[in-house]
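A short worksheet on the structure shown next.
The values are calculated or read from the model by the stated rules, or taken from the named source; none is laboratory data. None of the values given here were measured: they were computed from a predicted structure. Don't worry about glycine lacking a Cβ; one is built from the backbone with ideal geometry, like all the others, and counts go over all protein chains shown.
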Amino acid sequence: MGNAATITSVPSQADIAARVEAILGPMSLADKIGQLVQIGGADFMPGPKPDDVIRQGGAGSVLWLNDTKKFNELQKIAVEESPSKIPLLFALDVIHGYRTIFPVPLAMAASWDPDTAEQAQSVAAKEARAAGLHWTFGPMLDIARDVRWGRIVEGAGEDPVLGAAMAAAQVRGFQGPYPGAPDHVIACAKHFAGYGAADGGRDYDPVFLPEAQLRNVYFPPFKAAVDAGVGTFMSAYMDLNNVPAAGNPWLLRDVLRGEWGFRGFVISDAFAVGNLVIQHFARDGRDAAFRALSAGLDMDMASGAYLENLAGLVEDGTLDEAIIDAAVRPILALKVQMGLFEHPYADEDLLDQVIALPEHRDAARRAAQRSMVLLRNEGGLLPLSKDLKHVAVIGPVADSMEATEGSWMVFGHQPAAVTMLEGIRAKLPDARVDYAPGPEIRRDYPSFFEDFEPGKKKPAQTPEAAEAAFQTAVETAQGADLVIMVLGETDLMAGEAASRGSIDLPGRQEELLKTVVALGKPVVLVLLNGRPLSINWAAEHVPAILEAWEPGTEGGHAVADILFGDANPGGKLPVTFPRSGSHAPLYYARTLTHQPEDHFMYRSRYWDSPTTPLYPFGFGLSYTTFEIGNLKLSASQMKVGESLTVTADVTNTGSVAGDEVVQLYIHQRFGSDSRPMRELKGFERVPLQPGETKTVTFELGPDQLTYWSSSLGQWVQDAAPFDVWVGSDSQATLHAEFEVVA
Ligand code: BGC
């Protein structure tokens, strides 16, 4: 089989357009419709075999297949036997790594370091492309303010500015210089739009978001992806304001193409075109196909509605063939730009060479270190001494490769992570490190992902076995000088179809934590999880808490690096930690109504619990200390449309090197609409040696101060006074003010 493409310069758009027309011209209607169809390649898919569909020209792309040899077999059928001989695009969810697994996206956002996210996705792209994949269904750009929603793990958290920075970085990492570049994959911005605001945090449930919320909060990461040149978009599953995202011309035509100038193609989410019937929107499959395509949805993922219905719709005059041509063009353009017509096949030996590259594992370890957030460190318990003689590692996820890698490890992926236990043992070669998992944790209702990976299904522990495991864990802790509890969630407890009503530590983990803490030993809590957890008791009683998220292949080493001081934690929370799942959505950038925050009545938001966050957005500690001061504005007044600069000095006042994420928040005191109490408008992760000072500079101008006004139904920059805070989290107190005048 021939080698992968070796194009080195960006192909000219005029050449591509000319080639697309030359390919499109002789295509039959059936050939064109085939290009708009993506089929599943997995064995569990019902219906005709992919080989036969491809041979008949019924597919332009294949997903849910992860096998280089099989890619080449199917590609051979497409380019030699199908009527149009057009090569296939192979697509898969490569979300946070292909073989070398990086921290989950929420963790990557906690690094507040877009460069690290870019590097991670470029490694993922290189491995995936070497395996023969062309296209990934990422990055996921859904802002999520409801911690119950399982897919919060796949995104960058609650904030549009952080989310937009992570979006652009991931697009650059996946795609390289242009969509289709060698050693890279085409990215897909998903799920457009609003999916993260599902009613009650229940996956797939409807979303009601006013235009101002969409434009000010939920759209910015998607717009940033378009500006970064993303090749494809995926529509979301749910109804947005009673119009399904897959059949929503306002989203797909007016905003995405009309306003933002997106020129790639849009794919549905899986089965979502067919789902338009389930959503009581389309009358039948034919109506669904018509309305989705008319709305601007180019490719049907796996529902079959396009393949079954589009030809009939054209033949009876309901649908103009020009609409089909318009949908086919950007798909062909990406195939041309990728060089697929010249080099359709994957090199079957390449992946083994690529995954062996040591820099991939180094990048994963560094990314994991940078994503971790130190939540508590009373009395400087951390970092630990490497002279410890006897340590107990306790918890159901402490030695779980699956929990270390996190979600989306499907379609034949073999878990291969360094677990927390292994990482700690490697760091303490001469110590005794005992381990006990304690009682197992599991979902009340199984995940459908278990059906994809039959090995994942295990019989539940009996209550007697769980009790015995509990006692063994306590005894194991009893014998040690120090206990590292590794608690949290398993890989399938966050992600798709993994929403929860409560965000407590699942199972008997908190009970075990309390029992172990009562032994009176020093206890460190390491959290492995894909969403904030309401660790209220731990936050007051466990001296050291490290949020390690789902840290990936090198996770165990990275956690040990942090616990034993070989790396200094510098991550910050990309999402507010509420005290209870029932407080969701709880986010920092809310508006204030009825009473000021310091009013005694403010507490009446609930009478039974404080609604302040357990940990605020942007929060995270370090082994060193920082001071942020000398806040200066280049002007105290400016006109609408003008800009000013904000500078502040950050100093490492402690005795070890460390990173501080300096964050800038603003507040507009009044305006055309009520404005949020605070909004993040700039951030920078600054590495500092002990005693070192650096100046951080931010710009505030129309890009930062303009918003979509509900009152006016348009973008506006108001003339108004503003507060500015610069500091180390969303509760920063270093303050200045300026005024924008007409
Ligand atoms: C998910 C998408 C994913 C697609 C393909 C859907 O269930 O919502 O995020 O890309 O499946 O695997």
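Across segment 60-101, what is the number of residues that are more than 29 Å from the chain's Cα centre (by Cα) and of a type in the set (Gly, Ala, Ser)?
3
Within 30 Å of the chain's Cα centre (by Cα), within 30 Å of Gly618 (Cβ to Cβ) and acidic (Asp, Glu): does that describe Glu405?
Against the criterion (within 30 Å of the chain's Cα centre (by Cα), within 30 Å of Gly618 (Cβ to Cβ) and acidic (Asp, Glu)), Glu405 qualifies.
Confirm whether Phe71 is over 24 Å from Pro551 (Cα atoms) and either without any contact (Cβ under 8 Å) to a residue 24 or more places away in the chain or assigned to a strand (DSSP E or B) (or both).
Answer is no for this residue.
Give the residues of segment 510-526 that are assigned to a helix (DSSP H, G or I) and either crowded, with 24+ Cβ neighbours inside 10 Å or within 16 Å of the ligand (Cβ to nearest atom) (or both), sorted by residue number.
Correct list: Leu512, Leu513, Val516.
When you scan segment 39-97, how many residues do you find that are more than 13 Å from the ligand (Cβ to nearest atom) and of a type in the set (Gly, Ala, Ser)?
9
Where residues in segment 207-243 are within 19 Å of Glu154 (Cα to Cα) and assigned to a loop (DSSP other than H, G, I, E, B), which of them is farthest from the ligand (Cβ to nearest atom)?
The extreme case among them is Phe219.
Any chance you could count how many residues in segment 492-521 are touching an Asp or Glu at 6+ places or on another chain (Cβ under 8 Å) and under 21 Å from Ala392 (Cβ atoms)?
Final tally of qualifying residues: 3.
I need the full set of residues from segment 98-125 which are more than 16 Å from the ligand (Cβ to nearest atom) and part of a loop (DSSP other than H, G, I, E, B), in order please.
Scanning segment 98-125 gives Arg99, Thr100, Ile101, Phe102, Pro103, Ser111, Trp112, Asp113.
Name the helices (runs of 4 or more DSSP H) wholly inside segment 416-494 in which the number of residues that are modelled with pLDDT under 95 and surrounded by 13 or more Cβ atoms within 10 Å (Cβ to Cβ) is 3 or more.
Once the helices (runs of 4 or more DSSP H) in segment 416-494 are filtered for at least 3 residues that are modelled with pLDDT under 95 and surrounded by 13 or more Cβ atoms within 10 Å (Cβ to Cβ), what remains is 449-452.
Which residue pairs have Cβ atoms under 9 Å apart, sit 6 or more places apart or on different chains, and have a first residue in segment 84-95 that is part of a loop (DSSP other than H, G, I, E, B) and a second that is of a type in the set (Asp, Glu) and within 13 Å of the ligand (Cβ to nearest atom)?
Pairs found: Ile95/Glu154.
For Asp203, all conditions in the list (1) within 12 Å of the ligand (Cβ to nearest atom); (2) assigned to a helix (DSSP H, G or I) hold save one; what is the number of the exception?
(2)
Pull up segment 148-183, narrow it to residues that are part of a helix (DSSP H, G or I) and small (Gly, Ala, Ser), then point me to the one that is nearest to the ligand (Cβ to nearest atom).
Out of the qualifying residues, it is Gly150.
Given the options Val696, Val662, Val740, Val724, name the one that is touching a His at 6+ places or on another chain (Cβ under 8 Å), assigned to a strand (DSSP E or B) and not basic (Lys, Arg).
Matching residue, one of Val696, Val662, Val740, Val724: Val724.
Can you find, within segment 44-60, the residue that is surrounded by the most Cβ atoms within 10 Å (Cβ to Cβ) among those that are touching a strand residue (DSSP E or B) at 6+ places or on another chain (Cβ under 9 Å) and under 21 Å from Ile331 (Cα atoms)?
Among those that are touching a strand residue (DSSP E or B) at 6+ places or on another chain (Cβ under 9 Å) and under 21 Å from Ile331 (Cα atoms), it is Gly60.
If the Cβ limit is 9 Å and pairs must be 6+ apart or interchain, which residue in segment 534-559 that is more than 27 Å from Thr612 (Cβ to Cβ) pairs with which residue that is aromatic (Phe, Trp, Tyr) and crowded, with 24+ Cβ neighbours inside 10 Å?
Pro551/Phe102; Gly552/Phe102; Thr553/Phe102; Glu554/Phe102; Gly555/Trp549
Identify, from the list Gly658, Gly629, Gly618, Gly654, the residue that is over 31 Å from the mean Cα position of the chain (by Cα) and surrounded by 17 or more Cβ atoms within 10 Å (Cβ to Cβ).
The conditions single out Gly654.
Residue check: is Glu154 within 10 Å of the chain's Cα centre (by Cα) and charged (D, E, K, R)?
yes
With the requirement that a residue be part of a helix (DSSP H, G or I) and either under 13 Å from the mean Cα position of the chain (by Cα) or more than 16 Å from the ligand (Cβ to nearest atom) (or both), what does segment 126-147 give you?
If the condition is that a residue be part of a helix (DSSP H, G or I) and either under 13 Å from the mean Cα position of the chain (by Cα) or more than 16 Å from the ligand (Cβ to nearest atom) (or both), then Lys126, Glu127, Arg129, Ala130 are the ones that fit.
Report yes if Ala246 is within 18 Å of the chain's Cα centre (by Cα) and either assigned to a helix (DSSP H, G or I) or of a type in the set (Ser, Thr, Tyr) (or both), otherwise no.
Criteria not met by Ala246.
Is it the case, given these coordinates, that Ala719 is over 18 Å from Asp159 (Cβ atoms), small (Gly, Ala, Ser) and part of a strand (DSSP E or B)?
no
Name the one entry in Ala144, Ala167 that is touching a residue at least 12 places away in the same chain (Cβ under 8 Å), under 20 Å from Gly571 (Cβ atoms) and out of contact with any strand residue (DSSP E or B) (no Cβ under 9 Å at 6 or more places or on another chain).
It is Ala144.
Considering every residue within segment 99-109, establish whether at least one is among the charged types (D, E, K, R), touching a strand residue (DSSP E or B) at 6+ places or on another chain (Cβ under 9 Å) and farther than 17 Å from Lys32 by Cα.
No.
Among the numbered criteria (1) under 26 Å from the mean Cα position of the chain (by Cα); (2) farther than 21 Å from Tyr615 by Cβ, which single criterion is violated by Phe683?
(2)
Are there any pairs with C-beta distances below 7 angstrom linking a residue in segment 265-281 that is farther than 20 Å from Gly138 by Cα to a residue that is part of a strand (DSSP E or B) and not basic (Lys, Arg), with the two at least 6 apart or on different chains, and if so which?
If the second residue must be part of a strand (DSSP E or B) and not basic (Lys, Arg), the pairs left are Leu276/Pro244; Gln279/Asp239; Gln279/Pro244; Phe281/Pro244.
I'm told Ser407 meets every condition in (1) crowded, with 24+ Cβ neighbours inside 10 Å; (2) without any contact (Cβ under 8 Å) to a residue 24 or more places away in the chain except one. Can you identify the failing condition by its number?
The one condition Ser407 does not meet is (2).
Out of curiosity, is Gly641 free of Cβ contacts under 8 Å to residues at least 40 places away in the same chain and either assigned to a loop (DSSP other than H, G, I, E, B) or of a type in the set (Gly, Ala, Ser) (or both)?
No: the conditions fail for Gly641.
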